[in-house]
Each structure stands twice: as C-alpha cells, then as structure tokens.
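Pasting in a structure now, in structure tokens, and then I'll have a few things to ask.
Please treat every number below as a calculation from the coordinates, not as lab data. Keep in mind that what you see is a predicted model, and the values were worked out from it rather than measured. We place every Cβ from the backbone using ideal geometry, glycine too, and count neighbours over all the protein chains shown.
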Amino acid sequence: MTHAIECRDLVVRYRQKNGQFVEAVKGLTFSVEPGEVVGFLGPNGAGKSSTLKALMGFVEPLAGECSVFGLAAGSVEAKQRVGYLPEVALYYPFLTPFETLSLYGELQGLRGPTLKKEVSSLLDLIGLGHVMHKQNRTFSKGMLQRVGIAQSLLGSPDLLILDEVTSGLDPVGRKELRNLLKERQTAGATLFFSSHELAEVEMLCNRMLLIHKGQLIEERRIDALMEELRQYTLTYSGNASMVGLTDHLEAIRPGVVRAAFENKERLLEAVARVQAGSGTILDLVAREGSLEDYFVDTIARAA
C-alpha cells in the first residue's frame, strides 16, 4: 500500500542571520497510512513546521526525501491531493472570507457555480456563513483561523496537513473543529497535524509522533499509550498478599491498605486475592493518565 506520507532521512537546514547554519530536521524518518489521524508533537523549535513545509515543497531538504501518496512532495500532482493550513494563516485584509476562498479555489482550478456553492457550504460549516461578506480585517484571530480551516478543506483533499490547527480557537471552536475533522476522516481523508493542545490529540488521533531537536524520539498508538498511562488503585481491608503484583502499598489507617497497580490485569488479580482471603474491597479507582506529564517526561529524558 502506498503511504499517504513518507519521509526518509529528511534533513532541513536554514541559514541564520549571523550566517551560521542550523539543522531544524535531522534525519527524520516516518510514514502515515491512508485514513490515519496522526498527531505530530514536539516542543517549540523541535522541527515540526519545517517538516510540514518540506512536505508541502515550501523548503527544499538538504538531504533525504518525502512523498505524498507516492508523489514527490511539492509537486503539482501532490499538492492537488493536499489541503494545508499554515501555523499563521494570513489573508488580504480587504477581502471577505467568500472572496478569499473563491480566490484560492480558482488557484486550484475550481470554477463557476460549483466553486461558489462549495465556498458557501464550507463557510457555513465552520460557522462563518453569517459574516462571509464582511472584510477579513474585522475578524479576530480565531475567526481568521476558521477561514484558514475552510481554505484547507477546499476541493475535498485526500490529505489534510494542519500546523497548530487549534490556534486561536475557543473551546466551542475546538469542539466544532474536532467534529468536522472526524467527519473528514470518516469520508476517507488522512489527517496529519501539529498541535500543542494535547487533549485534542488524545481525542482525535490514532497515533502520535513525538520529535525533539529535529529527531523522532517516540512513536505510539494513542489507545495503547493511554492504557499504559492509566493508574489503577485498590483500597481494601484484610491480610491479602500483594507480592508479585505491586510494591506500591500505603496504609490508610489501621487494617486498611491502598495499593497501586501498573495495569488492569494486576488489579483484577489483587481483587481476587482480597476476596479469596475474606477481605473487604473498599474502593476501586481507574484514573486516566496525563498525556501532558508523559510529553514533558519524555522530552526531559531526550534532552
């Protein structure tokens, strides 16, 4: 199967103002399958935007290669299958959202009534239908971000590459965007986006790639990761042995113990031991782990 995105040993280098070079991306290799929703994560300066720009053909790699559906990244054929949202979406202030999207649609080869209908439909979809004929200069950052999202969806692209997709959106806007992107995935689109909103990544993504200093340091499935991060505790009375199950035991009060477990299987075995020993189960808790803590700890280990 042809990958929706493939990067092999990608290196992106920039010249700084002082004349020295800095490598923003250092031998990055990864792939994204058709229909996946993949979060591209990393701290500021990790190389996320540079990678996305290379995928769009906006910067030329120093070494390595990247492709979109088997087509050379940046080629006309590849761009025809991609919808792109930059980190900072800037639009001519004296155009309206309707005029802005119409212009971009014409650049994509869309024309006539079909284009007008799609532009109106997209602006309604992202909540700007009622202001589609007002000038962009009157809009907030969040409203301009919505214009950018609509622009990236023009022509129903097979792949959406979105840089800091939730930037400037309020909680209502983020929920609406999340529903919209899920609908696009259901329709067959592939989503690849960077975001600092880790909650959005958890709710949207099948998989995440974590980069630091231009290199891939983690690649995980979200469901497996969240199961791994989940914390299980059992509070019980009695003399049940937890040997082999956990070393994390805390005496809450005389005769009452709280035990923490790494996974559900060990928790269930502990419950069985308490019951077999005629003990009493006082409380069972499965607490969701923190993706933010995981992110911070993983970056710290890679530093």
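Can you list residues whose amide H is under 5 Å from V25's amide H, if they're 5+ apart or on another chain and H is modeled 1.01 Å from N?
Residues meeting the amide H criterion: V12.
What is the set of long-range amide H partners of H212 at a cut-off below 5 Å, with H atoms built 1.01 Å from backbone N?
For H212, the qualifying residues are I217.
Give me S121, S237, S50 sorted ascending by neighbouring Cβ count inside 10 Å, so fewest comes first.
Taking fewest neighbouring Cβ atoms as first place, the list is S121, S237, S50.
Next up: So for the chain, averaging the separation of alpha carbon pairs under 8 Å that are six or more residues apart and normalising by length, what relative contact order in percent results?
19
Where in segment 1-39 are there trypsin sites (Lys or Arg not before Pro) that are in a DSSP coil and have at most 16 other Cβ atoms within 10 angstrom of their Cβ?
Those satisfying the criteria are K17.
No partner Cβ under 4.7 angstrom, meaning no disulfide-compatible partner by this rule: which Cys of the chain qualify?
C205
Bin all alpha-carbon pair distances of segment 196-303 at 10 Å intervals from 0 and give each bin's fraction as a whole percent.
13, 36, 23, 19, 7, 1
Apply the Karplus curve 6.51 cos²θ - 1.76 cosθ + 1.60, θ = phi - 60°, to the phi angles in segment 239-251 and return the couplings in whole Hz, x for Gly and Pro.
These are the phi-based 3J(HN,Hα) values: 10, 5, 7, 10, 4, x, 9, 6, 9, 8, 10, 9, 7 Hz.
What are the principal axis extents of the Cα atoms in the chain, in Å, biggest first?
Sorted largest first, the three principal extents are 77, 48, 41 Å.
For segment 148-217, what does the equivalent ellipsoid look like in terms of its semi-axes, each the square root of 5 times an eigenvalue of the Cα gyration tensor, given largest first in whole Å?
Value: 20, 15, 12 Å, ordered largest first.
May I ask you to work out the translational diffusion coefficient for segment 217-277 at 37 °C, viscosity 0.692 mPa s, via Stokes-Einstein with Rh from the Kirkwood sum over Cα pairs, reported in whole µm²/s?
Estimated diffusion coefficient is 259 µm²/s.
So, one more: Each residue of segment 278-290 in turn: what ³J(HN,Hα) in whole Hz from Karplus with 6.51, -1.76, 1.60 and θ = phi - 60°, glycine and Pro shown as x?
6, x, 10, 8, 9, 6, 10, 9, 10, 9, 4, x, 9
Neighbour counts of other C-beta atoms within 10 Å: give me R111, R230 arranged from fewest to most.
So the residues, fewest neighbours to most, are R111, R230.
Do any trypsin sites (Lys or Arg not before Pro) in segment 120-156 lie in a DSSP loop with no more than 14 other beta carbon atoms within 10 Å, and if so, which?
Listed in order of number, the matching sites are K134.
If amide H atoms are built 1.01 Å from N in the plane of the peptide, which residues on other chains or at least 5 residues away come under 5 Å of the amide H of A63?
V11
Where both partners of a DSSP beta bridge lie in the chain, what percent of those bridges are antiparallel, to the nearest 5?
About 70 percent, rounded to the nearest 5.
Moving to a separate point now. Can you sort M1, M56, M208 by how many other beta carbons sit within 10 Å, fewest first?
M1, M56, M208
If you take every residue apart from A199 with its C-beta less than 9 Å away from the C-beta of A199, what net charge results, scoring Lys and Arg +1 and Asp and Glu -1?
My count for the surroundings of A199 gives -3.
Right, something else. Could you order peptides 288-295, 93-100, 36-43 by the average number of other Cβ atoms within 10 Å of their residues, highest first?
For the peptides 288-295, 93-100, 36-43, the packing ranking is 36-43, 93-100, 288-295.
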